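The values are calculated or read from the model by the stated rules, or taken from the named source; none is laboratory data. Given the structure is predicted, the values throughout are model-derived calculations rather than measurements. For neighbour counting, all protein chains shown are included, and Cβ atoms are generated from backbone atoms with ideal geometry for every residue, glycine included. Only protein heavy atoms, including side chains, enter the accessible area calculation; ligands, DNA and RNA are left aside. Shrake-Rupley method; radii C 1.70, N 1.55, O 1.52, S 1.80 Å.
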Amino acid sequence: QRAPSSEWRFHGDIYSVRPDAKAIVHTHSTYCTTLACLRRDVPAFHYMIGAAGGSNIRCAKYGTYGTQELSDAAVEALEGRQACLLANHGMISLGKDLKSAMKLAEIVENMCEIYWKTLAVSGPVVLDDQEMEVILRKFKTYGKQPKKTCC
């Protein structure tokens, strides 16, 4: 029998405060971790930031791995969001099932990669709050096509 992950604490705490989260993915993917080591939030430079549930992807405050401090920081950063970065650590994504949590983790990694590359040039043009409100409304039905009623 295997011992639980050192991050069992934040998994349990997230599940206890987020009944919508049926699955959690935690990774140390390259670009998420790079930006997390810079302790940077990812701004709304691309509409797909909205897939994480808000107008940015927050970077949680630093806490040593496996501690209540890290768990509390993650829960706070995930408030109103489906994903966050963990300072000097990695990222977390939530979903209705493992497939959707993993898909979001991949989207967040892709967004972090593109954001990192824009920073190497001059930085991105960030979408304004009004546009992000429109995007967040649209994300409620994103990828859901109405059923055909004929033909």
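Structure data summary
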{"quantity": "Mean separation of Cα contacts under 8 Å, 6 or more apart, over the residue count of the stretch 15-61: relative contact order %", "calculated": "28 percent"}
{"quantity": "nm² value of the averaged projected area, convex hull over the Cα atoms of the stretch 1-70", "calculated": "6.0 nm²"}
{"quantity": "Computed [θ] at 222 nm, helices only, for the chain once each DSSP H run of length n ≥ 4 contributes -39500 (n - 2.57)", "calculated": "-13000 deg cm²/dmol"}
{"quantity": "Dipole magnitude (debye, nearest 20) for the chain, charges at Cβ of Lys, Arg, Asp, Glu", "calculated": "640 debye"}
{"quantity": "DSSP-defined antiparallel bridges as percent of all bridges, the stretch 3-151, nearest 5", "calculated": "85 percent"}
{"quantity": "Solution diffusion estimate, µm²/s, Stokes-Einstein, the stretch 44-91, Kirkwood Rh from C-alpha pairs, 25 °C, viscosity 0.890 mPa s", "calculated": "226 µm²/s"}
{"quantity": "Accessible solvent surface per residue of the stretch 1-107, calculated while the other protein chains remain in place, 1.4 angstrom probe, Å²", "calculated": "50 Å²"}
{"quantity": "Length released on extending from residue 129 to residue 20, taking residue separation times 0.36 nm less the Cα-Cα span", "calculated": "36.7 nm"}
{"quantity": "For residue 100, solvent-accessible area (1.4 Å; no DNA, RNA or ligand), Å²", "calculated": "30 Å²"}
{"quantity": "Overall dimensions of the chain as given by Cα atoms, namely Rg and Dmax in Å", "calculated": "16.1, 57"}
{"quantity": "Share of carbon and sulfur in the accessible heavy-atom surface of the chain [1.4 Å probe, %]", "calculated": "54 percent"}
{"quantity": "Measure of compaction for the stretch 68-151 (Cα Rg per 2.2 N^0.38 Å)", "calculated": "1.37"}
